[in-house]
Amino acid sequence: MQNMVILGATGSIGASTLSVIARNPEQYKVFALVANTNVAKMLEICNLHQPKIVHMVDVNAARALKAQLPAHLGIEVTTGEDELLSLVASSEVDTVMAAIVGAAGLPSTLAAVNAGKRVLLANKESLVMSGQLFIEAMQKSGAQVLPVDSEHNAIFQCLSERSQLEIGRCDLTAAGVSHILLTGSGGPFLKSELSTLSGMTPDQACKHPNWSMGRKISVDSATMMNKGLEYIEARWLFNASSEQLKVVIHPQSVIHSMVQYRDGSVLAQLGNPDMRTPIAHCMSFPQRITSGVEPLDFFKVGQLSFLEPDFNRFPCLALAIEACKQGQEATTVLNAANEISVQAFLDGKIRFTDIAKINEQSLMNTATHPLNNIDDILALDAQSRRYTLDAINKLN
């Protein structure tokens, strides 16, 4: 029986994780749930899964939840950053699902790694912001990090057993790997006229053709910044060079990613676009459990198609690849700028095409400094956010 903490329990990854747990109650127990402000959703989850502890990041949300929880459930409600970091490091915790979106997920995810936990990594920003620090902490503590993102999980499944056991320090060349092929759908605007992109609304950007996701990640998919962040994450997870990483647009989202070997072989992981598959794989690795996902029906799939990315259509992808080549400071700046610019777009303050322009401006003009610890990372993150907010205000 694994005691699990779910960071981001009220989000889509949290819901999928709870669904997998419900199908495998003899192997997994919900020990603790963590969310920000969604009291109504957390109440619903608590009644179903009855965790020992619930942590709400927002103090008012914690107070409201505590007042509304039925006393007979005996659930402890906590709040505060120190309490959260202590929770993920608790000796009672075996596995941590790291699914808090954005930079906000970095401290708790890193705390779980430092505590040597089994970490199911769905928070890509942890590696985008702190790749070297994260990998060093993992190696020092002995934490097992398993990639939940469908693309990275697919790559993981296509690697040799030895490489799977060497996350963060893989020798891809020695393993015979020539390229990692990250697939992406191209989002809702793949075939839209370039001249129409500036007028696209948040609702249009969030209407992903294949996946059901939160609004921030849906916009990232529309700009393909999401694939750019995954490119950076893959660089750290698989110790890959830029020459070993390629992005392939695959509109059907059936092949989740591929690994190309020097003998000409290409191994691919296929499945229906449902996050319960990679979640179940990470939860049970190296075994397999029921996820609740329907098996892929090849007779219904039809054609599989592939395209090269058009950087005129997806300038955010080009920015992320360039930032990855520049190093950790650049990727930290870009991630922070993107979080602010995407929120400004969702709030109706800027146009869709302004996201890439503001991100590029922030990447070029935010002064950087060496990142030696998490405090340095968070300081640079805050600095980039301030610059980006100022750039947005100047547009209006």
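The values are calculated or read from the model by the stated rules, or taken from the named source; none is laboratory data. Remember, predicted model here, so these are calculated numbers, not experimental data. Quick reminder, even Gly has a Cβ in these numbers, built from the backbone with ideal geometry, and neighbours come from all protein chains shown. What goes into the accessible areas is simple: the full protein's heavy atoms, side chains included, and nothing from ligands, DNA or RNA. Shrake-Rupley method; radii C 1.70, N 1.55, O 1.52, S 1.80 Å.
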- [ ] Count charges around LYS394 for me, please; just the other residues with Cβ under 14 Å from its Cβ, Lys/Arg as +1, Asp/Glu as -1.
- [x] +1
- [ ] For the stretch 293-310, take each phi angle, set θ = phi - 60°, evaluate the Karplus expression 6.51 cos²θ - 1.76 cosθ + 1.60, and give the result in whole Hz per residue in order, putting x for glycine and proline.
- [x] 8, 5, x, 5, 9, 5, 6, 9, 5, x, 7, 10, 10, 9, 9, 6, x, 9
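State to the nearest 20 debye the size of the charge dipole of the chain about its Cα centre, where the only charges are +1 on K and R beta carbons and -1 on D and E beta carbons.
Details: 31 positive and 38 negative charges, 102 e Å.
So the dipole magnitude of the chain works out to roughly 500 debye.
Where Rh is the Kirkwood radius over the Cα pairs of the stretch 1-87, the temperature 37 °C and the viscosity 0.692 mPa s, what D in µm²/s does Stokes-Einstein return? Write down the numbers at each step before the final one.
Details: Rh = 12.8 Å.
Diffusion coefficient, whole number: 257 µm²/s.
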- [ ] Compute the Kirkwood hydrodynamic radius of the chain, taking the inverse of the mean of 1/r over all pairs of distinct Cα atoms, and give it in Å to one decimal.
- [x] 21.4
- [ ] Find out how many positive minus negative residues lie around ASN272, taking Lys and Arg as positive, Asp and Glu as negative, among other residues whose Cβ is under 9 Å from that of ASN272.
- [x] -3
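Taking chymotrypsin sites (Phe, Trp or Tyr not before Pro) as exposed when DSSP calls them loop (any state but H, G, I, E, B) and at most 13 other Cβ atoms lie within 10 Å, what is the longest stretch of the chain free of them, the sites themselves excluded?
Working: sites that count: PHE306, PHE311.
So the longest stretch without any such site is 1-305.
Per 0.36 nm of contour for each residue apart, how much would the distance between ASN373 and GLN50 grow if the chain were fully extended, relative to their Cα-Cα spacing? Could the numbers behind the result be given before it?
Values: separation 323, 0.36 × 323 = 116.28 nm, distance 3.65 nm.
Fully extending the segment from ASN373 to GLN50 adds 112.6 nm.
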Open item on the list: I want to verify a result. In a Gaussian network model of the chain, Cα cutoff 10 Å, which of these has the top mean-square fluctuation: HIS72, HIS152, HIS55?
Closed with: HIS72
TODO: Only bridges with both residues in the chain count here: give the DSSP antiparallel percent, nearest 5.
DONE: 25
- [ ] For the stretch 55-181, just list the percent of Cα-Cα distances falling in each 10 Å bin from zero outward, please.
- [x] 12, 36, 30, 14, 6, 1
Open item on the list: Can you show me the helix-derived [θ] at 222 nm for the chain, built from DSSP H runs with n ≥ 4 at -39,500 (n - 2.57) apiece and divided by the number of residues, rounded to the nearest 500.
Closed with: -14000 deg cm²/dmol
TODO: Starting from the Cα of ALA71, step 7 Å along the direction of its Cβ; do the same at LYS41; then give the gap between the two resulting points in nm.
DONE: 3.0
Task: SER265 versus THR353: modelled label distance in nm, points set 7 Å from Cα along the beta carbon direction - done: 4.7
Task: the stretch 336-396-the stretch 153-219 distance, computed between alpha-carbon centres (Å) - done: 22
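What is the Cα convex hull volume of the stretch 255-326 when expressed per residue in Å³?
Working: hull volume 13.2 nm³, N = 72.
It comes to 184 Å³ per residue, whole-number rounded.
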Task: Accessible area of the chain belonging to carbon and sulfur atoms, whole % at 1.4 Å probe - done: 49
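Using only Cα atoms, figure out Rg for the stretch 106-192 and give it as a multiple of 2.2 N^0.38 Å. Mind showing how you got there, number by number?
Details: Rg = 14.6 Å, N = 87, 2.2 N^0.38 = 12.0 Å.
Here the Cα radius of gyration is 1.21 times the empirical estimate.
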- [ ] Sum up the charges of everything whose Cβ sits under 14 Å from the Cβ of ALA89, counting Lys and Arg as +1 and Asp and Glu as -1, but leave ALA89 out.
- [x] -3
- [ ] Compute the Rg/Rh shape ratio of the stretch 266-396: radius of gyration over Kirkwood radius, all on alpha-carbon atoms.
- [x] 1.10
Task: Per residue, in Å², the accessible surface of the chain once ligands and nucleic acids are set aside, probe 1.4 Å - done: 43
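So what is the diffusion coefficient of the stretch 336-383 in µm² per second by Stokes-Einstein at 25 °C and 0.890 mPa s, using a Kirkwood Rh over Cα pairs?
On the way: Rh = 11.6 Å.
Calculated translational D: 211 µm²/s.
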